[in-house]
1. Among the residues of the stretch 34-73, which ones are of a type in the set (Gly, Ala, Ser), closer than 17 Å to residue 99 by Cβ and in contact with a helix residue (DSSP H, G or I) (Cβ under 6 Å, 6 or more places away or on another chain)?
2. Any idea how many residues of the stretch 24-49 are at pLDDT below 95 and either closer than 22 Å to residue 1 by Cα or not in a strand (DSSP E or B) (or both)?
3. Do we have any residue at all in the stretch 1-9 that's farther than 25 Å from residue 325 by Cα and either acidic (Asp, Glu) or touching a residue at least 24 places away in the same chain (Cβ under 8 Å) (or both)?
4. Read through the list (1) surrounded by 22 or more Cβ atoms within 10 Å (Cβ to Cβ); (2) touching a Pro at 6+ places or on another chain (Cβ under 6 Å); (3) farther than 16 Å from residue 280 by Cβ; (4) of a type in the set (A, V, I, L, M), then give the number of the only condition that residue 218 fails.
5. Which numbered condition trips up residue 41, out of (1) aromatic (Phe, Trp, Tyr); (2) within 16 Å of ligand 2 (Cβ to nearest atom); (3) over 26 Å from residue 336 (Cβ atoms)?
6. Quickly run through the stretch 73-94 and pick out the residues that are of a type in the set (Val, Ile, Thr) and within 14 Å of residue 315 (Cβ to Cβ).
7. Name every residue in the stretch 6-21 that is touching a strand residue (DSSP E or B) at 6+ places or on another chain (Cβ under 9 Å) and either away from ligand 3 (no atom under 13 Å from the Cβ) or hydroxyl-bearing (Ser, Thr, Tyr) (or both), in order of residue number.
8. Just for the stretch 15-35: of the residues that are closer than 14 Å to residue 57 by Cα and more than 10 Å from ligand 2 (Cβ to nearest atom), which one is surrounded by the fewest Cβ atoms within 10 Å (Cβ to Cβ)?
Amino acid sequence: MTVLGIETSCDETAAAIVRGPANAEILSNVVRSQIDEHTEFGGVVPEIAARAHIEVLDRIVDEAMKDAGCGWDDIDAVAATAGPGLIGGVIVGLMTAKAIAMAAGKPLVAVNHLEGHALTARLTDDLEFPFLLLLVSGGHSQFLLVKGVGDYERLGTTIDDAIGEAFDKTAKLLGLPYPGGPAVERMAAQGDVSRFKLPRPLLDRPGLDMSFAGLKTALRTQAKKLEPIDDQTVADLCAGFQRAVADVLASRTKSALALFEDRFPGRPPVVVVAGGVAANKEIRSALTSTASEANARFVAPPLQLCTDNAAMIAWAGIEKMRLGPVDDMATSPRPRWPLDQTASGVLGSGK
Ligand code: ATP
Ligand code: MG
Ligand code: FE
């Protein structure tokens, strides 16, 4: 089956055509980032995001169809992110998907954005359920047990900032550009990781929850003491921050793998990473060593599929269609939609 996917939940306008599930193939994958629109504000402005999605989505869908060499007759279904995310953007994507589905007479699949991230590795890698997913993006930081399509269990989450958000806020307070992750990573490469002692919040407590707000505050306090700060100090602070985040993730991943083995004795443990923060080389290498020490397989999909894209939404649509019922035209956008409530596939009231 061939599915058109649409993603508009945050600051990427994206459309893609994916064929599968057997011999899965991405026929096209168009992503337009809104970074330029949001840079001067140091973060995503929801109203600007929604307007930018409206302006370009039709063109992005056309481009995806053209790149794939597809006409409407070649498409079997339209899948769109129905949440969670910024309400304005989700409305634009879902309504566009409904209009296309109605006009072309195709079924509609409403996809949870996090489910898209969770299932991506099955598009790119030969991967059976269950597996462990570490989702680290600008809006989310969580450990999920992916037991099947629609069967997710959240094992732990950040109790305050998402990791990408912590990178973005840290960059902002150090005068680095948005998005903060790549900027902090670049500076960290020239920094002395041992100069500043920064905390590893929550690691003294059991469980898989994480916290990053305290780390950012500790960094701010150190930076304030040294004002005005020079470039080397910025680099040293970035190095210390990045190492602290990598340590927290490595430690929590170790516990998550232990939990996986308790829950599924004898099953080969697999940990999959997704989300924009997965681009960070230090974090990737910390996770790679943690997995290898635990004799676990580590899967990191290609970067353009780790960050927000529509191929993951089209693929989740394919995986969901395989299970049966699709969504009807009354499906509403759900700005808040925890993944562990996806199981029924029915869109009730969002929480
Ligand atoms: P959502 O949370 O809804 O999935 P998002 O758009 O916030 O959406 P992504 O597009 O997956 O998330 O990722 C963007 C985030 O990843 C930003 O916070 C950015 O700073 C962070 N990021 C990108 N590259 C790096 C990097 N090299 N190191 C650390 N963080 C990074
Ligand atoms: Mg984004
Ligand atoms: Fe995302």
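1. Correct list: 50 only.
2. Adding up the residues that qualify gives 16.
3. So the first thing to find is which residues in the stretch 1-9 are farther than 25 Å from residue 325 by Cα, and the list is none.
No, the conditions are met nowhere in the stretch 1-9.
4. (1)
5. (3)
6. The initial filter retains those residues of the stretch 73-94 that are of a type in the set (Val, Ile, Thr), namely 75, 78, 81, 87, 90-92.
Within the stretch 73-94, 78, 81 meet the criteria.
7. Selection gives 6, 8, 9, 13, 15, 16, 17, 18, 19, 20.
8. Of the stretch 15-35, the ones closer than 14 Å to residue 57 by Cα are 15-16, 29-34.
This time we only want the ones that are more than 10 Å from ligand 2 (Cβ to nearest atom), so: 15-16, 29-30, 32.
Working: 15: 35, 16: 29, 29: 21, 30: 23, 32: 18.
It comes out as 32.
The values are calculated or read from the model by the stated rules, or taken from the named source; none is laboratory data. Nothing here was measured: the structure is a model prediction, and the numbers come from that model. Glycine gets a Cβ as well: all are built from the backbone with ideal geometry, and neighbour counts include every protein chain shown.
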